[in-house]
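Engineer: Got a structure for you, written out below as structure tokens; questions coming shortly.
The values are calculated or read from the model by the stated rules, or taken from the named source; none is laboratory data. Here the structure is a predicted model, which means the values were calculated and not measured. Cβ atoms come from the backbone with ideal geometry, glycine included; neighbour counts cover every protein chain shown. Remember, those area values only see protein heavy atoms, side chains included, never the ligands or the DNA or RNA. Shrake-Rupley method; radii C 1.70, N 1.55, O 1.52, S 1.80 Å.
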There are 2 protein chains.
Amino acid sequence: MQFHLNGFHVGDPAIAKPSARARSYGDAVPDTVDVLIVGCGPAGLTIAAQLSAFPDIATCIVEQKDGPLSLGQADGVACRTMEMFEAFGFRERVEREAYWVNETRFWSADDSDRSRIVRSGRVQDVEDGLSDFPHVILNQARVHDQYLRCMENSPNRLKPHYARRFLDLDVERSDEGASAYPVTVRLERAGPERRGQIETVKARYVVGCDGARSGVRRAIGGTLAGDSANQAWGVMDVLAVTDFPDVRFKTLIRSAEEGNILIIPREGGYLVRIYVEMDKLAENERVAARNITVDHVIAAAQRVLKPYTLDVKEVAWWSVYEIGQRICDKFDDCANDQSDGRPPRVFIAGDACHTHSPKAGQGMNVSMQDSFNLGWKLAAVLRGHCAPSLLRTYSAERRAAAQELIDFDREWAGLLSNSHQAAQGGNKPEVDQSEIQRYFVQHGRYTAGTATRYKPSMICGRADHQHLAGGFEVGTRFHSAPVIRLADGKPQRLGDTLVADGRWRIFLFADEADATLQCSRLQSVCAYLESDPASPVRRYTPAASDIDSVLDVRAVLQQSHHTIDMSAMPDLLKPSKGRYGLIDYEKVFCPDLKNGADIFDMRHIDREKGCMVVVRPDQYIAQVLPLDARDDVPSFFDAFMIAAA
Amino acid sequence: MQFHLNGFHVGDPAIAKPSARARSYGDAVPDTVDVLIVGCGPAGLTIAAQLSAFPDIATCIVEQKDGPLSLGQADGVACRTMEMFEAFGFRERVEREAYWVNETRFWSADDSDRSRIVRSGRVQDVEDGLSDFPHVILNQARVHDQYLRCMENSPNRLKPHYARRFLDLDVERSDEGASAYPVTVRLERAGPERRGQIETVKARYVVGCDGARSGVRRAIGGTLAGDSANQAWGVMDVLAVTDFPDVRFKTLIRSAEEGNILIIPREGGYLVRIYVEMDKLAENERVAARNITVDHVIAAAQRVLKPYTLDVKEVAWWSVYEIGQRICDKFDDCANDQSDGRPPRVFIAGDACHTHSPKAGQGMNVSMQDSFNLGWKLAAVLRGHCAPSLLRTYSAERRAAAQELIDFDREWAGLLSNSHQAAQGGNKPEVDQSEIQRYFVQHGRYTAGTATRYKPSMICGRADHQHLAGGFEVGTRFHSAPVIRLADGKPQRLGDTLVADGRWRIFLFADEADATLQCSRLQSVCAYLESDPASPVRRYTPAASDIDSVLDVRAVLQQSHHTIDMSAMPDLLKPSKGRYGLIDYEKVFCPDLKNGADIFDMRHIDREKGCMVVVRPDQYIAQVLPLDARDDVPSFFDAFMIAAA
């Protein structure tokens, strides 16, 4: 954390100085806003928290419910999501409170007595070194709480407007001559006092994070398409006494005759979530028609668990649902072929654009990644740093990611369910336990959320220079590694520098030459970035702003931090900032040689040539380039960024 | 964190359900309290936070100032203190916000040009493996904030009563026939509305944490004795621009002619604290007489730093002080020879009983350790678990620790100051830099706060069986190590189980026998602890309480967690608790074999015999005993604990 740059302030540095906008915050929704977010789920809160970092952006988030969620449905938090939580500053809080998924255990019918289950396998949940952070399980409501605190501590003191039902929206159809706020949204108040009152908000952009029955999706003519499901599942969060020994492990149990259950231990040491395979549904039958009660769900779980007992003492929450994987054909209000030739004004994110079964634990994670992808793009366009055409990449990137999820989920849900398999044709062989285990391990990176790879686009380069840094794959999320900060010897994760502040980052990995020499590639590229009129740092940074306010350049040297002084670093890497011109000492890092964790080895960086790794504000790697790629750098950024006035 | 034991609750689990006492909280101090704490410094807040964990204890904390401290003076947080912060649940928050002291650097006069300084050495600040947590620097006010939040989230929602000046107290002199609340304290209100109004509080116990000019100390006839000082130092927290390359390291600079400075970088990346040696004072002269201004302090620092420049942009705080090491002859209201034959009723802690120079960064840490030592003892006596004679150990243990600090501080302050040395007789040789560096390394454990070793007493055994666990030294703080939790495979620090809840902990380290066999020493001692009428677990635990509510027994096995099931563990290690009889799965641990961190090797535990490590509520090791020490266990506890009704 960096603070006190523009003078010493008492109090909690995580609480920003309130902006003028914070003081004007009221009960009614504002007449005009830059961004209106519909829905306070994980997707809505992620983008609200992201936008709240910018005092110059007017954001409003509305929610149909009367107040914050107290009891959530989703609970899985993938490693990748924890990396994003770190960017928002609350990763440790989640780590402290959550259940950690360390291993997954597999049980199946005992060969010698098919009425009993026995343990048939165990696998490590996340492969070593995949992420700095664990895979955890935490009530969705508590994830919301973290975002709400972020928003309340932000300059604008953003708070949701609850009890607002989305009615409809209208977009001015021509950007030619369009008003500054081309989207008009009507909301109906639902609170006890002003029920039925209609509020009209004019917005530059609208983001629909309003769930599977999204009104925003309907308003832009989007429809969910995909499989209908014919398998009912029950899910319950219970406090129970059991002699089943693996009840505190994530456990998949496949009985011979009684179906399958999935155990997900929950935070606090006692609560456990159990997914239970219920009856097969008839064609076009909905689960509601079956009148399944929680007693049915408990009894089904008890049958699967035999010979172990399950004595449920309290049901904190339960539900039944049918499996179904559906996706919307477009995630914004533009035609997919872009035949309308205008940038989008309305977006949908999260369950509004894709639904899937909960058992892969992906729903909440993919939803948050949706809106984390969109948040910085909206901010960049609204703040005049990028052209509106940037916004088209949202639907392209996230629809592909959602389709991958759907495909994965369909396969996984199928594997998990014997009966589902059988129903799909009857002639498929039963999937054996070892295959499920193999599949689980093989797809570990997928469930950890680290397998997403964006395709080449205006903001994601081709992998022409991938060989310079094999461990930083273009299009994937930046894979952190340990480093030592040069100026103060602090051991830290390099990824922790990727805070959710909307900035691009350029990591300069030093070449073989002594980094203190001006002839080194490192010093040479710094000189270029700092002084050349074509340098993106010069080109996109407003004259009155700190030099790192748009593009944040940092370096990783090859030497130990004991062999080099900050004073030998170029000014770009120890910039003077703020009203006093204080020096920022947090730009240069060295490998953690003492602990044998050399980032150059871990990420396969070319030690002779070094390289430049360009990282997007959402932590994805946009480019790996040679340190002397003078032309590639400006041409990449020029495709979507706007030169500063 | 464990929660939901007695039913699922929504919301933040760190916020306790409010007690009846919480609802009766008002503006006026209560007429009667169990414990009255005078002073909201680090010592007062530590004990207030500790006592606030107990809904059955009525605590009141008063403070002379109008509100919480916003700008602190102390800033050093030793590793040992971070271990205590972990017990209170806010260690990560401090880690995120604080400056981390990673290395200390030494500069001295250049041999070839004595007017310039050059770097003469660097040492790692904390030796590897000494603690799980870093040595950090954070504004004292922010440490206060953490404790205040703990207190507000506690069952009693404890908040300080500000604007109360301690006037005097009176203790009923005979415990024979004494009233329930034998200490009467008079407070004067200082707020704008009720200025001068006198409040009288009757308390069972009073803790004076009211600083170097303690009124409570005066009231019990205590006096500070020790050296007077004749060396003035300046200290300032500044935002400055400098070309001195080590300004973000803790750095000791000893110039040839211009004196010494100590640089302590501060949280946030820009602020820095500088201690500056100022003029020598005449005999009996006070620093106030010198009229030293901040400009003098800055100018002195600039002279020492030559040839480097220091351009101070903002002074956040500054002060001048004289070095002095003083200690009170007693830390409670009893005679030191205990000739009055009664347990103490009034205690003093922190600066009220010892003062010293700030440069060793020990003051705030030792103060907090004082009251962490006292807190659990007061709670145990008030809750009827222990006899009041236990309270005598506070003064004995903490006065010895304070005397060690005074001795260390005197030596360190002397070493740091050439001129001070010279003044002490003139014939001492100048201390050279390498000697200071050697001393610094040698005393690393002291400054980390981990060197404290309590002497044998009723609550600290003799080291007769120390050979069974060489790395858990009796009388020192429990030295954590990595383990894997058996029931869910979670990698964690064993020390994280030592939360500040007033419970004793008995760690059973397994012997060589298979831990699943009843004939193993481990299972045998569990059977004894659970069932034998002489077992302290049986003897001291009230019948209606959970079996781990007074003595928390946990085990560490030698096997991998893959080779053993929870089901094979005795009931004592998977106890049924709470209104539902839910099983507590967090009692059994295994070594972290995969990462090569075997706690049995790290802490030199006898693999053949195993052992029992008894840990006090303040995280200090009271006993190391054989697993079959049937007589030693009850006799140890019987000396101070009271059998449950």
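Engineer: Starting with the highest mean, order A:341-352, B:92-103 by the number of other Cβ atoms within 10 Å, averaged over the residues of each peptide. Each step should come with its number before you reach the end.
Structural biologist: On the way: A:341-352: 25.3, B:92-103: 20.5.
Sorting A:341-352, B:92-103 by mean packing, highest first, produces A:341-352, B:92-103.
Engineer: Any chance you could run the full-extension gain for B:Asp295 through B:Arg607? It's 0.36 nm times the residue separation minus the Cα-Cα distance, nm to one decimal. Kindly include the intermediate steps, with their values, before the conclusion.
Structural biologist: Working: separation 312, 0.36 × 312 = 112.32 nm, distance 6.29 nm.
Roughly 106.0 nm would be gained on extension.
Engineer: Okay, which of region A:488-511 sit inside 19 Å, backbone N to the point 7 Å along the Cα-Cβ direction of A:Ser567?
Structural biologist: A:488-489
Engineer: Take the alpha carbon atoms of region B:476-501, find their center, do the same for region B:438-457, and report the distance between the two centers in whole angstrom.
Structural biologist: 23 Å
Engineer: Given a 1.4 Å probe and no ligands, DNA or RNA in the count, how much accessible surface is buried by B and A, both sides, to the nearest 100 Å²?
Structural biologist: Details: alone 26500 and 26520 Å², together 47010 Å².
For chain B against chain A, roughly 6000 Å² becomes buried.
Engineer: Next question, about the same structure. Considering only protein heavy atoms and a 1.4 Å probe, what is the carbon-and-sulfur percentage of the accessible area of region B:565-630? Show your work: numbers first, answer last.
Structural biologist: On the way: 930 of 2090 Å².
It is 45 percent, rounded to a whole number.
Engineer: In degrees between 0 and 90, to the nearest 10, how far off the longest principal axis of chain B does helix B:42-51 point, with axes built from Cα atoms?
Structural biologist: Value to nearest ten degrees: 10.
Engineer: What does the C-alpha gyration tensor say about the overall shape of the protein assembly as shown? Classify as rounded when a/c is under 1.5, otherwise prolate if a/b is larger than b/c, or oblate. Don't skip to the answer; put the middle values down first.
Structural biologist: Values: a/c = 1.65, a/b = 1.19, b/c = 1.39.
Note, shape of the protein assembly as shown comes out oblate.
Engineer: Please compute the average number of Cβ atoms from other chains found within 10 Å of each residue's Cβ in peptide B:486-493.
Structural biologist: Values: counts 2, 7, 12, 13, 7, 3, 1, 0.
Per residue, the number of nearby Cβ atoms from other chains is 6 on average.
Engineer: Can you list, shortest first in nanometers, how far A:Asp243 lies from the same residue in the other copies, with each label 7 Å from Cα toward Cβ?
Structural biologist: Distances to the matching label points in the other copies: 7.8 nm.
Engineer: Cross-link partners among lysines for A:Lys574, C-alpha distance below 16 Å, same-chain residues fewer than 8 apart left out?
Structural biologist: By straight Cα distance, A:Lys574 reaches A:Lys587.
Engineer: Please compute the per residue accessible area over region A:516-611 with all protein chains in place, 1.4 Å probe, rounded to a whole number of Å². Could you put the intermediate results ahead of the total?
Structural biologist: On the way: 3790 Å² over 96 residues.
Per-residue value: 40 Å².
Engineer: Please give the average number of partner chain Cβ atoms lying within 10 Å of the Cβ of each residue in A:135-141, rounded to a whole number. Mind showing how you got there, number by number?
Structural biologist: On the way: counts 0, 0, 0, 0, 4, 0, 2.
Rounded to a whole number, the mean comes out at 1.
Engineer: Quick one: which residues, 5+ away or cross-chain, put their amide H under 5 Å from the amide H of A:Asn156? H built at 1.01 Å from N.
Structural biologist: Sorted by chain and number, the residues that satisfy this are A:Ser19.
Engineer: Let me ask something additional. Ranked from highest to lowest mean number of other Cβ atoms within 10 Å per residue, what is the order of the peptides A:70-78, A:525-533?
Structural biologist: Put in order of decreasing packing, that is A:70-78, A:525-533.
Engineer: Heavy-atom accessible area per residue, region A:60-154, 1.4 Å probe: how many Å²?
Structural biologist: Here the per-residue accessible area is 33 Å².
Engineer: Taking 0.36 nm per intervening residue step and subtracting the Cα-Cα distance, what contour gain separates A:Asp31 from A:Asp111 on full extension?
Structural biologist: On the way: separation 80, 0.36 × 80 = 28.80 nm, distance 6.78 nm.
Stretched out fully, the A:Asp31 to A:Asp111 stretch lengthens by 22.0 nm.
Engineer: On a 0 to 90 degree scale, rounded to 10, what angle separates helix A:392-416 from the longest Cα axis of chain A?
Structural biologist: 30 degrees
Engineer: A follow-up question, please. Taking a quarter of the surface of the Cα convex hull of chain A, what do you get in nm²? Before the final figure, lay out each step's value.
Structural biologist: Working: hull surface 122.8 nm².
That works out to 30.7 nm².
Engineer: Provide the percentage of antiparallel DSSP beta bridges, counting only those with both residues in the protein assembly as shown; round to the nearest 5. Present the calculation step by step, with values, prior to reporting the outcome.
Structural biologist: On the way: 162 of 216 bridges.
DSSP beta bridges in the protein assembly as shown are roughly 75 percent antiparallel.
Engineer: To continue, here is another question. Compute the long axis of helix B:521-531 from its Cα atoms, compare it with the longest principal axis of the Cα atoms of chain B, and write down the angle in degrees, 0 to 90, nearest 10.
Structural biologist: Approximately 70 degrees, to the nearest 10.
Engineer: What do you get for Rg/Rh of region B:81-151 when both radii come from the Cα atoms and Rh is the Kirkwood radius? Before the final figure, lay out the partial values.
Structural biologist: On the way: Rg = 17.3 Å, Rh = 14.5 Å.
Ratio of gyration radius to Kirkwood radius for region B:81-151: 1.19.
Engineer: Using a probe of 1.4 angstrom, how much of the accessible area of region A:286-417 is carbon and sulfur, in percent? Write down the numbers at each step before the final one.
Structural biologist: Values: 2030 of 4300 Å².
Taking all protein chains in place, region A:286-417 shows 47 percent carbon and sulfur surface.
Engineer: Can you figure out the FRET efficiency of A:Asp337 with A:Gln403, using R₀ = 25 Å and their beta-carbon distance, to the nearest 0.05? Each step should come with its number before you reach the end.
Structural biologist: Details: r = 17 Å, r/R0 = 0.70.
E between A:Asp337 and A:Gln403, to the nearest 0.05, is 0.90.
Engineer: Compute the distance in nm between two label points, each set 7 Å from the Cα along the Cα-to-Cβ direction, one at A:Ala645 and one at B:Ser319.
Structural biologist: 4.9 nm
Engineer: Starting from the Cα of A:Asp12, step 7 Å along the direction of its Cβ; do the same at B:Asp243; then give the gap between the two resulting points in nm.
Structural biologist: With each label placed 7 Å out from Cα toward Cβ, I get 4.2 nm.
Engineer: Order B:284-296, B:116-128 from most to least packed using the mean count of other Cβ atoms within 10 Å.
Structural biologist: Numbers: B:284-296: 13.5, B:116-128: 16.2.
Going by the mean number of other Cβ atoms within 10 Å, highest first, we get B:116-128, B:284-296.
Engineer: Please enumerate, by chain and number, the lysines with C-alpha under 19 Å from the C-alpha of B:Lys17, excluding those fewer than 8 residues away in the same chain.
Structural biologist: Excluding near neighbours in sequence, the set is B:Lys159, B:Lys577.
Engineer: Compute the distance in nm between two label points, each set 7 Å from the Cα along the Cα-to-Cβ direction, one at B:Arg194 and one at B:Gln518.
Structural biologist: Inter-label distance under the simple model: 6.4 nm.
Engineer: Further question: If I compute solvent accessible area with a 1.4 Å probe over the protein chains, what percent of it on region B:150-252 is carbon and sulfur?
Structural biologist: Working: 1820 of 4100 Å².
With neighbouring chains kept in place, the figure for region B:150-252 is 44 percent.
Engineer: Is there a simple number for the mean count of other chain Cβ atoms within 10 Å of the Cβ of residues in A:260-271, and what is it?
Structural biologist: On the way: counts 0, 0, 0, 0, 0, 3, 2, 5, 8, 12, 15, 5.
That average works out to 4.
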